[in-house]
Amino acid sequence: MGDAERWFQLYWAKDREVTRSFLGRARACGFSVLVVTLDTPLLAWRPRDLDQAYLPFLHGVGTANYFTDPAFLAGLAKPVHEDLNAAVLRFVGMFADPGKTWPDLAFLRENWDGPIVLKGVLHPDDALLAAEAGMDGVVVSNHGGRQVAGSVAAADALPRVARAVGDRLTVLFDSGVRTGDDVFKALALGARAVLLGRPYVYGLGLDGQAGVEHVIRCLLAEFDLTLALSGHATPATVTAGDLEESPA
Ligand SMILES: Cc1cc2nc3c(=O)[nH]c(=O)nc-3n(C[C@H](O)[C@H](O)[C@H](O)COP(=O)(O)O)c2cc1C
């Protein structure tokens, strides 16, 4: 990350001490913004994952944040390398917590002194509850559609959320941003900025860091041109009016 601003993405563990420890470690590593992933209180019915029995967590892959955490390790009878199964079981028991709800956000507010962004808000009423809970922003996102097939498109939810919260929250957006004109449309629908999920992963897979940089450079160039071709010198002047059809 170099000197860039760091945002820490939290999957909110059931165990309070482990969560508190994660937040402290993130702070100590220089993360300033906390992004809480709400999209996945449970893993969805994912046929391809099921077909391939694909859940690397069960093999202790993708669990490093836990397996290096002092509060997590304190609950194990043996070190991870001596009893991987016990570590995996402890992880599985705390990773998801579908019981969490709005009042629980007070815990995060007490344990994080920077901005907090809730990722995975689609309903305007939920966005208002986020503002009331003292959150600073929301990411309008459907988790790439990997959870509930047929859920509302994030782009359809975006203007409703943006209208509901006005200036009370920073509204960000992801799910399906692939091109510069997608960025333009998201801003016009009320997003302050967009996030990229899969595109940067594709770049990473094809050419490592250079691939990621290429993806982002292309997207920014296309966005810049789309702005200019739509009559804008800056993103700040893009509004919903840019998407309206011409009168017949
Ligand atoms: C393989 C995969 C893993 C993901 N893991 C996470 C995650 O750990 N935390 C999170 O907040 N979102 C996760 N997401 C969701 C993405 O952050 C993003 O919201 C979603 O993919 C939509 O953006 P996109 O269409 O640009 O990919 C994941 C998505 C994919 C495809």
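Of note:
- Residues being open to solvent by 60 Å² or more (accessible area, probe 1.4 Å) and over 12 Å from S21 (Cα atoms) - total across the stretch 63-73: 1
- Among the residues of the stretch 106-124, those that are in contact with a strand residue (DSSP E or B) (Cβ under 8 Å, 6 or more places away or on another chain) and in contact (Cβ under 8 Å) with a residue 40 or more places away in the chain comprise L108, W112, G114, P115, I116, V117, L118, K119, G120, V121.
- Checking each residue in the stretch 154-180 for being in a loop (DSSP other than H, G, I, E, B) and either more than 11 Å from the ligand (Cβ to nearest atom) or within 15 Å of D126 (Cβ to Cβ) (or both) picks out G166, D167, R168, L169, T179.
- Test for G190: is it more than 12 Å from the ligand (Cβ to nearest atom), modelled with pLDDT under 95 and not aromatic (F, W, Y): no
- Looking at T19, T68, T40, just one residue is modelled with pLDDT under 95, among the β-branched types (V, I, T) and out of contact with any Pro (no Cβ under 7 Å at 6 or more places or on another chain), and that residue is T40.
- Top-ranked residue of the stretch 130-148 - restricted to ones that are surrounded by fewer than 16 Cβ atoms within 10 Å (Cβ to Cβ) and of a type outside the set (D, E, K, R), ranked as farthest from the ligand (Cβ to nearest atom): G134
- Test: residue in the stretch 224-246 that is farther than 30 Å from D49 by Cα, among the acidic types (D, E) and assigned by TED's automatic domain parsing to the domain that holds L118: no
- Of all residues in the stretch 207-221 being closer than 19 Å to G144 by Cβ and more than 12 Å from the ligand (Cβ to nearest atom), the one that is most open to solvent (accessible area, probe 1.4 Å): I216
The values are calculated or read from the model by the stated rules, or taken from the named source; none is laboratory data. Source: prediction; values computed, not measured. Using ideal geometry, Cβ is built from the backbone for each residue, glycine included, and neighbour counts are taken over all protein chains shown. Note: areas computed on protein heavy atoms with side chains; ligands, DNA, RNA excluded. Shrake-Rupley method; radii C 1.70, N 1.55, O 1.52, S 1.80 Å.
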